[in-house]
Ligand SMILES: [Zn+2]
């Protein structure tokens with residue numbers, strides 16, 4: 001399995017300008033190549049191949065206008081051409097319906113918030129015995145190794161984010177899986193809007209305090225920025241502050257996702273989530289909270305950790321109307337407006353919590369053995385008859401006496 005590991009880099013002033021040059025060159029190569037292809041398309045000529053682009057790049061380096069491309073590692077420039085190919089492939093695959101549709105490749109600008117360059121094995125980059133990252137034509141850059149790499153990576157991507165921070169991102173081939181000891185619980189998760197996540201056992205999980213605090217500071221910085229006069233020095237300062245606060249929120253959120261996904265993987269043998277139609281939701285007013293919550297990042301963490309530690313991960317289709325079906329009797333009750341947090345099933349009388357009910361439905365749709373009891377608000381006062389007391393793990397619908405006995409509140 002391939003995993004991505006990121007570490008903070010602390011380049012010196014000289015290295016920062018070398019990196020700026022490399023980012024700039026990579027961008028120019030990308031844009032030049034994109035222009036060549038766009039012009040060919042406009043002229044009705046065939047698609048310009050990667051080999052042809054590569055040849056043109058070599059030729060361009062010999063011209064006075066592009067001679068400065070020679071100051072940067074050739075591998076970085078070649079990788080920039082690869083990136084363009086990937087952008088085209090994704091675009092074409094989207095047109096063919098092989099993946100979600102995306103826009104045609106676009107020109108990169110200096111103002112792009114994230115700049116990056118990639119060094120492959122050919123670039124002869126390496127980690128020095130002293131623990132620095134040696135990059136060709138840049139130097140030995142200081143790294144904060146916050147985790148150990150499980151194996152030697154073959155490529156490194158150097159990134160500068162909108163807050164002006166530098167990172168080295170390695171793709172590492174991890175060794176064999178490390179299965180955790182088997183356990184029995186199975187859980188369905190509803191990624192709600194009120195809470196970050198709701199589990200089929202009734203647990204509701206909110207964002208931790210450190211994340212909420214970071215978010216609060218970001219909002220404050222944004223408010224301050226909006227009050228500053230356009231074009232003023234103070235506005236520039238405030239903008240940097242917002243970018244930093246943004247970065248802090250992103251870090252805190254990633255940390256929270258890691259903690260929660262690890263905990264869920266440890267405690268459960270099988271995990272089911274709903275394949276979120278984030279794209280669909282993004283068009284609604286909920287868009288902001290959906291994106292902020294970073295669900296897809298969290299779900300992909302669950303997925304790779306499940307694979308790594310020998311757990312079962314199931315994504316159920318979004319066609320399942322998880323919030324419309326009573327998780328106790330299975331009757332489809334029709335859509336309910338978002339403000340309806342609890343309702344009484346018209347068929348079986350169970351009083352259901354919207355989020356937990358959805359989580360139980362997710363688990364059931366995935367074929368997990370979960371009880372629907374958690375979905376109900378305050379179980380009814382009628383105790384279960386002795387013969388039924390041990391069947392909590394079974395789906396109530398599987399027991400015909402259930403309705404006859406008439407204990408909807410169980
Ligand atoms: Zn019902």
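Throughout, read-outs are computed from the coordinates displayed, never taken from laboratory work. Remember, predicted model here, so these are calculated numbers, not experimental data. Quick reminder, even Gly has a Cβ in these numbers, built from the backbone with ideal geometry, and neighbours come from all protein chains shown.
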Would you mind ranking 28, 76 by Cβ crowding within 10 Å, fewest neighbours first?
-> 28, 76
Most exposed to least, judged by fewest other Cβ atoms within 10 Å, 52, 178, 65, 186 sort to 65, 178, 52, 186
How do 301, 102 line up, fewest other C-beta atoms within 10 Å first?
-> 102, 301
Expressed as cubic angstrom per residue, what is the convex hull volume of the alpha carbon set of the stretch 107-256?
-> 212 Å³
Once the Cα atoms of the stretch 296-365 are picked out, what are the Rg and Dmax in Å?
-> 14.4, 43
Write down the Kirkwood hydrodynamic radius of the stretch 2-173, to one decimal in angstroms, obtained as one divided by the mean of 1/r over all alpha carbon pairs.
-> 17.3 Å
Using R₀ = 22 Å, calculate the FRET efficiency as 1/(1 + (r/R₀)^6) where r is the Cβ-Cβ separation of residue 182 and residue 204; round to 0.05.
-> 0.25
Percentage relative contact order, the stretch 39-193, counting C-alpha pairs under 8 Å, at least six apart = 15 percent
